[in-house]
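Q: Input: one structure, supplied below.
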Amino acid sequence: MRSENEAFVLRRKDAVSLLQEAEFIVVSLDNLSQHYMASGEKSYATCNEYCTELTGFIDAENVTARLASMRSLISRLFDHTLDDDDMSDLERALEPVIVWERPGFCETEMPSSFERWQSRQFALGFAEMAPATPKRQRKTGLVLEYHEALAVHEVLEFLLISLRNIGLYYYVRDEVTPEDEHAYRVETAKFVETSQMVCRLSEIRRMLCDRFALVFGGGELEKARRKLAAQRFWSEADIGTWDERIKAKFASQPCED
């Protein structure tokens, strides 16, 4: 069993993988948001186009799968052997994460649960990054304190399960109507904004960059970030292309008997 006073070593290649996924999601969503905010128009048509573009990007670019990949990289740091209470360290340490379950969550449950979560774990985890810890770093990876790893995992769990739940709520039914599709787009956009998804992932990215520079040096961080910047982020050229991409993605998947 892990002690709460222990630290984890996140391997360099895993840190780069986390950075890559966080960078892609954050920059793309920020580009998308800035594009529609820059127009200054807040008509129904513009808001509807924003919601359509946002959900198209999330679905076609497998954002939930990217979040799941990030979560797995953090989860594997913990000891998953079961103790006498049939729980692993991770299951025991984390309180049940309050996630999206039904319409109204963004207006009711989220604000109260977010206040507890934000003040107790997330801010505590990253706001106090001690600059006097280089001697504890390993050249093979980055050191994360126990509570920091928990905070990252909870952020990713919250975003991942909530986005999955929204999709399941509106699409796992006998007949999906145009009204269901519209409600799905609106609820997803509402969740992304209310949950401060870009802000949360930006904090994870910032923490990883700080640690990476501390361990491997600023030059190595710049090299890594140049590679990350070569990714194809969301741009205006993507507008209106998502339906065809989603159809192509499903068409390429093998059929299950």
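Every read-out reported here was derived from the displayed coordinates using simple, explicitly stated rules and does not represent laboratory data. No experiment lies behind these values; they were computed from the predicted model shown. Here the Cβ is made from the backbone with ideal geometry for all residues, glycine too, and neighbour counts use every protein chain on show.
Q: Using R₀ = 35 Å, calculate the FRET efficiency as 1/(1 + (r/R₀)^6) where r is the Cβ-Cβ separation of residue 176 and residue 91; round to 0.05.
A: Numbers: r = 34 Å, r/R0 = 0.98.
So, using R0 = 35 Å, E works out to roughly 0.55.
Q: List the residues, sorted by chain then number, that are 5 or more residues from residue 100 or on another chain and whose placed amide H is less than 5 Å from its amide H.
A: 162
Q: Near residue 73, within a Cβ-to-Cβ distance under 10 Å, what is the net charge of the other residues, with Lys and Arg +1 and Asp and Glu -1? Each step should come with its number before you reach the end.
A: Numbers: positive: 11, 13, 71, 76; negative: 14, 21.
Taking every Cβ under 10 Å from that of residue 73, the sum is +2.
Q: Highest first, please rank the peptides 184-192, 145-153 by the mean number of other Cβ atoms sitting within 10 Å of their residues. Intermediate values should be presented prior to the final figure.
A: Working: 184-192: 20.1, 145-153: 22.3.
Those peptides, ordered most packed to least, come out 145-153, 184-192.
Q: Restricting things to alpha carbons, find the Rg to Rh ratio for segment 135-239 using the Kirkwood radius for Rh.
A: On the way: Rg = 18.7 Å, Rh = 16.9 Å.
Checking Rg against Rh, the ratio lands at 1.11.
Q: Let me ask another. Just report the Cα centroid separation between segment 202-257 and segment 24-68, whole Å.
A: The distance from the Cα centre of segment 202-257 to that of segment 24-68 comes to 15 Å.
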